[in-house]
Structure formats: C-alpha cells, structure tokens
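For reference, the structure is listed below as structure tokens.
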Amino acid sequence: MAGTAAVTLLPSVSAAPNRKLRKAIMHSTIGVKGSVLEKYRVMKEAGFEGVEPMGGMNREEVLAALKETGLQAASVCCHTHWQKPLSAPDEATRKIGFDGLVQSLQDAKAYGASSVLLVPGVARDGVTYQQCFERSIAEIKKAIPVARQAGVKIAIENVGNNFIMSPEQAIEYLDAINSEWVGWHFDIGNAGRVGPAERWINLLGKRIIKIHVKDFSTKPAASGTRTGGRPKLLDGDTNWPAVMKALDGAGYSGWGISEQPADQAADLESARDLACRMDKIFTS
C-alpha cells in the first residue's frame, strides 16, 4: 500500500506546472519588411501561433494573411489611444478616440480575437490624474454595449502614461468601471519599472485577460541604441520564474504576446530567437 501511494503521489510532486501559454507577437513590433502576409509568413515559420493586429488595418488583408498562414488573432491593439486619448480635454478628440476603440472592437470580432488592448488615457500636458480617470471611464462605459454585442472584452494596459502606477490603482480603476467586459492587459516589462511585476499579478489575479511579454532594464539606454534600452527577453531585470509562478497562481492561460523592439523580429533568424526566448520563459 505504501509503495502504491508513493507512485500515485510522485507525478504531482515532480511534474512541472502545466502551463497553457501560446506565443503571439504584436503586429507593430514585427520588423520584417513587406506586406502583412509576408510579415505573418515569417512569424509563422519562426514559431509564433498568433499575432496582435492594430485596429484600423485593412481588414480583408489581415483576414487573408491569417487564413493563409494559420496564425490566430490573439488580441487587437487600439490604434487611436495615444494620439487621440479618451482623456483629452476636448470632446472632439475624445470622440475620435472612442470611434477608434469601437472600430478596434469590431476588427477583433472579425478576426476572432477575444479582447482589445486599450491605453485608457494620458495624464500629462495639462491633464490631471483625476481628469484622466473620470474622462476615460466615461468613454469606456459608452463602449461597453459595443463590446458586449461583439463578444470582445476591453483590456486596459499599464503603460508609461503617468496613469495607474500601481496594482492598487488598477483595481480601483476596474472597480469604478465595474463591468465583466473590461479587464486588464498586463504588460510585464512596463510593470517592472514600478513593480515588481509579480506583485501586480498577485493582486490583479483573475482580472488579467491578456499579457504582453516584455523585458526591462534598470540601466539607462545607451546613446543611439535602436531598442531604446529594451533588452532581449532574459537579458533584462525581470524575475521570470517569479512572474511565471505568479501567473500560475492567478490561473492565467492563453496568449503571451511579445512587444519587444522591432529589430528583435526583423527577419526569420531574429524572430526565431525571440520565440525561443519566450519558450524558455514559459517553462521557467
């Protein structure tokens, strides 16, 4: 009986976490030259399973490239949120940003993606934190019926926008919206600068619906560097085993989307290296 019990318990003790993570890459970070189809062919060959198109792209061209390569749309990134933020002081600019979000939601539905990445606002250039909070939430709430109808969630991303600088603020923001159609697109590298990233994950938990896989460095960027100081995955200061453990604890599964600099996916060789680094992270 004792021997049988030992054999029965052994797999659960020794087995590695059964992570269900799939590799994707953000469209705007693909450095390969050429058409959408040419870019996606290289990403497929490099080992990626999905891509994150930008909103507002030629929908038929994207759909054709997805169909031919077999890649899937992991997410769609709203194309207007930086230049026409939902936090803008004037209603006309906010309207353009809102329309961009709506178009991105419709694009996501067409591509079969389950969420749209949204930078909710920008708290600078005369826009206070509280103004960003209130204005962006008002616009997002107007978009929720569209999200519901499309069956696509709005995923708020933590970025360098002087807004939502801690997981507590992220939770406060989501609670203020209070909708099952709005969650979090967690950027690991961005959180590292105000982190650690694993603390964000531990607190956000099930609110995380997508992740950006990105590294960061505490060292200042060297003058003239193309990557803006963004190291290759595994070469930076992210504690990847701790991040993976936190994601396990949160029960996260699904897409891990690379947002590394474009020169790290400039051709088949560099894209394959990026995909391999993601594989190492996902099994750490």
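The values are calculated or read from the model by the stated rules, or taken from the named source; none is laboratory data. It should be emphasised that the depicted structure is a prediction, and the values quoted were computed from it without experimental measurement. Heads up, the Cβs are rebuilt from the backbone with ideal geometry, glycines too, and the neighbour counts pull from every protein chain shown. When the accessible area is computed, the model is the full protein with side chains, heavy atoms only, and any ligands, DNA or RNA have been set aside. Shrake-Rupley method; radii C 1.70, N 1.55, O 1.52, S 1.80 Å.
Looking only at the range 73-117, which residues are among the charged types (D, E, K, R), farther than 21 Å from GLU259 by Cα and either in a helix (DSSP H, G or I) or at pLDDT below 95 (or both)? Break it down stepwise before answering.
Of the range 73-117, the ones among the charged types (D, E, K, R) are 84, 90-91, 94-95, 99, 107, 109.
Narrowing the set further to residues that are farther than 21 Å from GLU259 by Cα leaves 84, 90-91, 94-95, 99, 109.
Within the range 73-117, GLU91, ARG94, LYS95, ASP99, LYS109 qualify.
Restricting attention to the range 258-265, does a residue exist that is open to solvent by 60 Å² or more (accessible area, probe 1.4 Å) and at pLDDT 95 or above? Lay out the reasoning, then the answer.
Keep residues of the range 258-265 that are open to solvent by 60 Å² or more (accessible area, probe 1.4 Å), which gives none.
Checking the range 258-265: not a single residue is open to solvent by 60 Å² or more (accessible area, probe 1.4 Å) and at pLDDT 95 or above.
Among the listed residues LEU204, LEU174, identify the single one that is surrounded by fewer than 20 Cβ atoms within 10 Å (Cβ to Cβ), touching a strand residue (DSSP E or B) at 6+ places or on another chain (Cβ under 8 Å) and closer than 16 Å to PRO120 by Cβ. Write out each step before concluding.
Details: LEU204 fails: surrounded by fewer than 20 Cβ atoms within 10 Å (Cβ to Cβ).
Criteria check complete, one pass: LEU174.
Scanning for something under 20 Å from LEU174 (Cβ atoms) and open to solvent by less than 40 Å² (accessible area, probe 1.4 Å), does the range 63-75 turn up at least one residue?
yes
When you scan the range 156-167, do you find a residue that is of a type in the set (A, V, I, L, M, F, W, C), out of contact with any Pro (no Cβ under 6 Å at 6 or more places or on another chain), farther than 27 Å from GLN106 by Cβ and open to solvent by less than 40 Å² (accessible area, probe 1.4 Å), even just one? I'd like the intermediate steps shown before the answer.
Going through the range 156-167, the residues of a type in the set (A, V, I, L, M, F, W, C) turn out to be 156, 159, 163-165.
From what is left, the residues that are out of contact with any Pro (no Cβ under 6 Å at 6 or more places or on another chain) are 159, 163-165.
This time we only want the ones that are farther than 27 Å from GLN106 by Cβ, so: 165.
Imposing the further condition that a residue be open to solvent by less than 40 Å² (accessible area, probe 1.4 Å) reduces the set to none.
Scanning the range 156-167, I find no residue that is of a type in the set (A, V, I, L, M, F, W, C), out of contact with any Pro (no Cβ under 6 Å at 6 or more places or on another chain), farther than 27 Å from GLN106 by Cβ and open to solvent by less than 40 Å² (accessible area, probe 1.4 Å), so the answer is no.
Is it fair to say LEU274 is crowded, with 21+ Cβ neighbours inside 10 Å, farther than 27 Å from VAL36 by Cα and either of a type in the set (Asp, Glu) or modelled with pLDDT of 95 or more (or both)?
No: the conditions fail for LEU274.
What pairs can you find where one residue is in the range 26-43 and open to solvent by less than 20 Å² (accessible area, probe 1.4 Å), the other is polar (S, T, N, Q) and in a loop (DSSP other than H, G, I, E, B), and their Cβ atoms are less than 8 Å apart, with a gap of 6+ or different chains?
Sorted first by the residue in the range 26-43, then by its partner, the pairs are THR29/GLN260; VAL36/ASN58.
Within the set of pairs 6+ apart or on separate chains, which have a first residue in the range 141-159 that is without any contact (Cβ under 8 Å) to a residue 60 or more places away in the chain, a second that is part of a strand (DSSP E or B) and open to solvent by 20 Å² or more (accessible area, probe 1.4 Å), and C-beta atoms under 7 Å apart?
ALA147/LYS153; LYS153/ILE209
Scanning the range 76-102 for residues that are among the charged types (D, E, K, R) and under 15 Å from ALA143 (Cβ atoms), which turns out least open to solvent (accessible area, probe 1.4 Å)? Reasoning before the result, please.
Here is the first cut: in the range 76-102, the residues among the charged types (D, E, K, R) are 84, 90-91, 94-95, 99.
Filter again for under 15 Å from ALA143 (Cβ atoms), leaving 84, 94-95, 99.
Working: LYS84: 77, ARG94: 42, LYS95: 106, ASP99: 67 Å².
Among residues in the range 76-102 that are among the charged types (D, E, K, R) and under 15 Å from ALA143 (Cβ atoms), the one least open to solvent (accessible area, probe 1.4 Å) is ARG94.
Inspect the range 103-113 for any residue being touching a residue at least 40 places away in the same chain (Cβ under 8 Å), over 18 Å from GLY254 (Cβ atoms) and open to solvent by 60 Å² or more (accessible area, probe 1.4 Å) and give the result as yes or no.
Yes, there is a match, as at least one residue in the range 103-113 is touching a residue at least 40 places away in the same chain (Cβ under 8 Å), over 18 Å from GLY254 (Cβ atoms) and open to solvent by 60 Å² or more (accessible area, probe 1.4 Å).
Would you confirm whether any residue within the range 179-189 is farther than 25 Å from THR238 by Cβ, surrounded by fewer than 18 Cβ atoms within 10 Å (Cβ to Cβ) and over 15 Å from the mean Cα position of the chain (by Cα)?
Yes, the range 179-189 contains at least one residue that is farther than 25 Å from THR238 by Cβ, surrounded by fewer than 18 Cβ atoms within 10 Å (Cβ to Cβ) and over 15 Å from the mean Cα position of the chain (by Cα).
Assess whether MET54 counts as being among the hydrophobic types (A, V, I, L, M, F, W, C), at pLDDT 95 or above, on the phi < 0 side of the Ramachandran plot and surrounded by 20 or more Cβ atoms within 10 Å (Cβ to Cβ).
No; evaluated as a whole, the condition is false for this residue.
Find the strands (runs of 3 or more DSSP E) located wholly in the range 177-284 whose residues include 1 or more that are of a type in the set (Ser, Thr, Tyr), and list them.
Here the list reads 254-258.
Residues that are polar (S, T, N, Q), under 18 Å from the mean Cα position of the chain (by Cα) and at negative phi: does the range 87-99 have at least one? Steps first, answer last, please.
Start the filter on the range 87-99 by keeping residues that are polar (S, T, N, Q), which leaves 87, 93.
Going one step further and asking which of them are under 18 Å from the mean Cα position of the chain (by Cα), we end up with none.
The answer is no; no qualifying residue exists.
For the range 118-141, how many residues are open to solvent by 10 Å² or more (accessible area, probe 1.4 Å) and outside any loop (DSSP other than H, G, I, E, B)?
Residues in the range 118-141 being open to solvent by 10 Å² or more (accessible area, probe 1.4 Å) and outside any loop (DSSP other than H, G, I, E, B): 10 in total.
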